[in-house]
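Visitor: I'd like to ask some things about the structure below.
The values are calculated or read from the model by the stated rules, or taken from the named source; none is laboratory data. Just so you know, these numbers come straight off a predicted model, no measurement behind them. Counting neighbours? That spans all protein chains shown, and the Cβs are built from the backbone with ideal geometry, glycine included. Surface accessibility is based on the protein's heavy atoms, side chains included, excluding ligands, DNA and RNA. Shrake-Rupley method; radii C 1.70, N 1.55, O 1.52, S 1.80 Å.
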Amino acid sequence: MTAALFTRGKGRRAATAACAVSLGIVALSACDKPTPLATVTVGSKTVTTEAAKGCYKDDKVVAKSEKKVTACLTAKPEQSLSVSPGEKVRVGVDPKIAESGWLVISEAHGVINGQSKKTYRSLDSDKLFEQTNPQTGQTTTLDSVTIVVVETGKNSGIKGAWPIKLKREV
């Protein structure tokens, strides 16, 4: 009698384990593969972010049309950092992004410093928050600015976009 109970218990445990493994596989297959990361550091504060939703597809061009490029470049940032006047903004990217080539785009200035294949770049925060009116030439200081790390490639279009909001401390 004990042998019959013991055998039934083993069967239940095996069935439970098989269900748990199956559920785990289903859950993992539903997850998106993580994107390479972009990191922004200001002083001792650091944020790391993945690409904006729909703006990265494993080393393929995701945005060629003006509409899709605009959508990626204006995606809402999930991360933000406060920046004091005079601080350096340091931008780092995953080596996979650097290998392809990348640049930083600011909503106030457009492309900053051109394309790079290095994994690190340092930017002047005071310049990032300045915006010049093209008609009057007058410069104003913004309270916040969104920068977007953009992975480029050999072809037209972009391979990825990582937006980060910077807030100016007064």
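Visitor: Just to verify a number: FRET efficiency for Lys67 and Tyr120, C-beta to C-beta distance, R0 = 25 Å, to 0.05?
Guide: 0.20
Visitor: Can you send over the solvent-accessible area of Ile105, 1.4 Å probe, protein chains only, in Å² to the nearest 10?
Guide: Surface accessible to solvent at Ile105 totals approximately 40 Å².
Visitor: As an exercise, use a Förster radius of 41 Å and the Cβ-Cβ distance of Thr46 and Lys154 to find the FRET efficiency, rounded to the nearest 0.05.
Guide: That gives a FRET efficiency of 0.85.
Visitor: Follow-up question, since we're still on this one. Kindly list the residues of segment 138-170 that lie in the label zone of Asn113, defined by a backbone N under 14 Å from the point 7 Å along the Cα-to-C-beta vector.
Guide: 148-150
Visitor: Provide the per-residue ³J(HN,Hα) series for segment 43-58, in order, calculated from phi with Karplus coefficients 6.51, -1.76, 1.60 and θ = phi - 60°, each as a whole number of Hz, with x at glycine and proline positions.
Guide: Rounded to whole hertz, the list is x, 9, 9, 9, 10, 10, 9, 8, 4, 4, 4, x, 10, 7, 8, 5.
Visitor: Also: Lys60 to Gln135: FRET efficiency via 1/(1 + (r/R0)^6), r the Cβ-Cβ distance, R0 35 Å, to the nearest 0.05? Don't jump to the answer; show the numbers that get you there.
Guide: Working: r = 40 Å, r/R0 = 1.14.
The formula returns an efficiency of 0.30 here.
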